[in-house]
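Step one of this worksheet: look at the structure below.
The values are calculated or read from the model by the stated rules, or taken from the named source; none is laboratory data. The model shown is predicted, which means the values in this text are computed figures rather than measured ones. Cβ coordinates were reconstructed from backbone atoms using ideal geometry, including for glycine residues, and neighbour counts include every protein chain displayed. Surface accessibility is based on the protein's heavy atoms, side chains included, excluding ligands, DNA and RNA. Shrake-Rupley method; radii C 1.70, N 1.55, O 1.52, S 1.80 Å.
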Amino acid sequence: ARCQCKVAPRERMNCGYPGISAVECRNAGCCFNASVPGIPWCFAPRPKRVRKICPSDPQTRINCGFPGITAADCESRGCCFKPRPAGVPWCFYRRVVEE
C-alpha cells in the first residue's frame, strides 16, 4: 500500500491533528510524511485501485439476471454472461478486485 501514499503535497487531505506522531497517524490508516513543512504530514491515502472482473469459479457466481435472460440484456446490466455450466447463474455480477 506504499504507492497509495504517493500524494502530491498540495493534494494532501489532512488526516490527523497538529503534532500527531507517525505511529498514531499510521495506526489511523493514514500516511505520514514530514518532509514538506507547512502542509499536512498525516494525510489520507489515495483510494485503492480496483477493477471489476468476471469470477472464473462458477460456484462463486451471484445471480444478476433471471432464467432465460439474453447475453445482451445481461451485459447491458454490467454483468457477466457465460451460458455454462448447468445449475449456476449464467448472468452474474462482476467481482471487485484490488490491483
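Expressed in nm to one decimal, what extension gain is obtained for the pair I62 and E98 from 0.36 nm per residue of sequence separation less their Cα-Cα distance? Spell out each step's value before the answer.
On the way: separation 36, 0.36 × 36 = 12.96 nm, distance 1.90 nm.
Computed gain between I62 and E98 is 11.1 nm.
Could you run the Karplus curve 6.51 cos²θ - 1.76 cosθ + 1.60 with θ = phi - 60° over segment 18-35 and give me ³J(HN,Hα) per residue in whole Hz, x for Gly and Pro?
x, x, 4, 7, 4, 5, 4, 4, 5, 5, 7, x, 10, 9, 10, 8, 9, 7
Determine by what factor the alpha-carbon radius of gyration of the chain differs from 2.2 N^0.38 Å, reporting the quotient. Could the numbers behind the result be given before it?
Details: Rg = 21.5 Å, N = 99, 2.2 N^0.38 = 12.6 Å.
Against the empirical 2.2 N^0.38 Å value, I get 1.71 for the chain.
Say each of I39 and V7 gets a label point 7 Å from the Cα, pointing the same way as Cα to Cβ; how far apart are those two points in nm?
The answer from the label model is 1.1 nm.
For every helix of n ≥ 4 consecutive DSSP H residues, a contribution of -39,500 (n - 2.57) applies; sum these over the chain, divide by its total residues, and give [θ] at 222 nm rounded to the nearest 500 deg cm²/dmol.
-2500 deg cm²/dmol
Per 5 Å bin, what is the whole-percent P(r) computed from every C-alpha pair distance within segment 3-43?
Spelled out bin by bin, segment 3-43 gives 6, 29, 40, 21, 5 percent.
Which cysteines does the chain leave without a neighbouring Cys Cβ under 4.7 Å?
Result for the chain is C3, no neighbouring Cys Cβ within the cutoff.
Taking θ = phi - 60°, what integer Hz values does the Karplus form 6.51 cos²θ - 1.76 cosθ + 1.60 yield along segment 86-99, in sequence order, with x for Gly and Pro?
Using θ = phi - 60°, the values come out as 5, x, 10, x, 8, 10, 9, 5, 6, 9, 8, 10, 7, 8 Hz.
Enumerate the calculated ³J(HN,Hα) couplings along segment 68-84 in order (Karplus 6.51 cos²θ - 1.76 cosθ + 1.60, θ = phi - 60°), each rounded to whole Hz, writing x wherever the residue is Gly or Pro.
Result, ordered by residue: x, 4, 7, 4, 4, 5, 5, 5, 5, 7, x, 10, 9, 10, 9, x, 5 Hz.
Please report the carbon-and-sulfur percent of the accessible area for segment 50-98; probe 1.4 Å, protein heavy atoms only, DNA, RNA and ligands left out.
Whole-percent figure for carbon plus sulfur exposure: 54.
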